[in-house]
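The values are calculated or read from the model by the stated rules, or taken from the named source; none is laboratory data. As the structure is a prediction and not an experimental result, all values here were calculated from the model. Counting neighbours? That spans all protein chains shown, and the Cβs are built from the backbone with ideal geometry, glycine included. For the accessible areas, the whole protein counts, side chains as well, though only heavy atoms, and no ligand, DNA or RNA atoms are used. Shrake-Rupley method; radii C 1.70, N 1.55, O 1.52, S 1.80 Å.
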Amino acid sequence: MEYQKLQSDLEAAKADMEKMLPSEVLDIFDKTIQDIRNLNATYGLSLGTKAPDFSLPDYTGQVITLSEETTKGPVVLIFYRGHWCPFCNLELQAYQRYMNEITSLHAQLIAVSPQTPEHSMSMQQKNELSFHVLSDLHNQIAEKYNLKFKLPEYAHELYKSLDISLDTFHGNSAWELPVPATYVIDKEGIIRAGYADADYKKRMEPADVLQVLRSL
């Protein structure tokens, strides 16, 4: 079954954001994206490389290990910012709509963010997600995937004014986030497809992920 493209949903959310927020706020958002890009010209990992293994908990305390999951079949691994991010919500909702197709290809999906398990639970329940939603405290796994960055200090007060206090969501004062990214990892643990962009309004299309999964 074909659904509306995720990017169409993201563009609509971007248009809504531009209507709601003052131009000076939008300018700061744009500046942070550019500054984050300037920190690292090549976020993420290259295709054909071994995906770094990890063990992370979900909100129930169950620990999921990537290498154990890939023995069962391919894994779609998504790094997202948090349940406070409307673009992340749209992304995970879009992938949830494709879960029947993903599982029919003997694959599964794992979503990772630096949120505490409590906030991961909010993300899972709010969006009725049937896949693993894991907590990567201190962005330790995001760092292994070359995705971690520190949000510029000039943006902290703006985020707080929008009820986005990362110290509360993360349980620490580092104000670090992952660049949003999606990887398709095969049964041997090799990255077969990937997408990472400092512009959080851009994500990998679920239909493109399905195409990769069908080729494995």
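Would you mind getting the Kirkwood hydrodynamic radius of region 153-193 from its Cα pairs, rounded to one decimal in Å?
That comes to 12.7 Å for region 153-193.
Which FRET efficiency value, to the nearest 0.05, is calculated for GLU128 and ARG37 with the Förster distance at 25 angstrom and r the Cβ-Cβ distance?
The computed FRET efficiency comes out at 0.15.
Considering just Cα atoms, how many Å³ per residue does the convex hull of region 117-216 enclose?
128
Just to confirm a number: summing +1 for Lys and Arg and -1 for Asp and Glu over residues other than LEU105 whose beta-carbon lies under 14 angstrom from that of LEU105, what do you get?
Combined, the nearby Lys, Arg, Asp and Glu give +1.
Rounded if a/c is under 1.5, else prolate if a/b beats b/c, else oblate: with a ≥ b ≥ c from the C-alpha gyration tensor eigenvalues square-rooted, which is region 1-121?
Prolate.
To the nearest 0.05, how large is the calculated FRET efficiency for SER165 and LEU26 if R₀ is 22 Å and r is the Cβ-Cβ distance?
It comes out at approximately 0.60.
How much length is gained if the chain between GLN4 and ILE190 is pulled fully straight, taking 0.36 nm per residue apart and subtracting their Cα-Cα distance, in nm to one decimal?
Using 0.36 nm per residue and subtracting the Cα-Cα distance, I get 64.0 nm.
Which value, in Å² rounded to 10, gives the accessible area of THR71 with a 1.4 Å probe and all protein chains present?
So the heavy atoms of THR71 present about 90 Å² to solvent.
Can you tell me the relative contact order of region 126-195? Whole percent, Cα pairs under 8 Å, sequence separation 6 or more.
The value is 29 percent.
Return an integer: the convex hull volume of the alpha-carbon atoms of the chain, in Å³ per residue.
110
Nearest-5 percent of antiparallel DSSP beta bridges in region 62-214?
The antiparallel proportion sits near 60 percent.
What fraction of the DSSP beta bridges in region 1-137 is antiparallel, stated in percent and rounded to the nearest 5?
So the antiparallel bridges amount to about 25 percent of the total.
So between SER173 and ASN100, what do we pick up on full extension, going 0.36 nm a residue minus the alpha carbon distance?
22.4 nm
Using a 1.4 angstrom probe on the protein heavy atoms only, could you order ILE28, ILE141 from most to least accessible area?
Of ILE28, ILE141, the descending order of accessible area is ILE28, ILE141.
Go ahead and collect, in residue order, the members of region 28-50 whose backbone nitrogen is under 18 Å from a label point 7 Å along the Cα-Cβ direction of MET17.
From region 28-50, the list is 28-38.
Report relative contact order for the chain in percent, whole number only (criteria: Cα-Cα under 8 Å, sequence separation at least 6).
This gives 29 percent for the chain.
For the chain, with a Gaussian network of springs between Cα atoms less than 10 Å apart, report the residue from ARG203, ARG97, ARG81 with the top mean-square fluctuation.
Largest GNM mean-square fluctuation: ARG97.
Step through the table entries LYS14/LYS187; LYS72/LYS148; LYS144/LYS202, compare each Cα-Cα distance with 32 Å, and write down the pairs that go over it.
LYS14/LYS187
Using a 1.4 Å probe on the protein heavy atoms only, what accessible surface does MET121 show? Give it in Å² to the nearest 10.
60
May I ask you to derive the relative contact order of region 58-111, considering only C-alpha pairs under 8 Å and at least 6 residues apart, and to give it as an integer percent?
That works out to 48 percent.
Heavy atoms only, 1.4 Å probe, whole protein assembly: order LEU129, LEU21 by accessible area, highest first.
I get LEU21, LEU129, largest accessible area first.
Given the DSSP H assignment, sum -39500 (n - 2.57) over each helix run of at least 4 residues in the chain and divide by its residue total; what's the result at 222 nm in deg cm²/dmol, nearest 500?
-12000 deg cm²/dmol
State to the nearest 20 debye the size of the charge dipole of the chain about its Cα centre, where the only charges are +1 on K and R beta carbons and -1 on D and E beta carbons.
Charge dipole, the chain, about its Cα centre: 420 debye, nearest 20.
Can you pull the one-decimal nm distance between simple spin-label points at GLN62 and LYS202, each 7 Å off the Cα toward Cβ?
The modelled label-to-label distance comes out at 3.5 nm.
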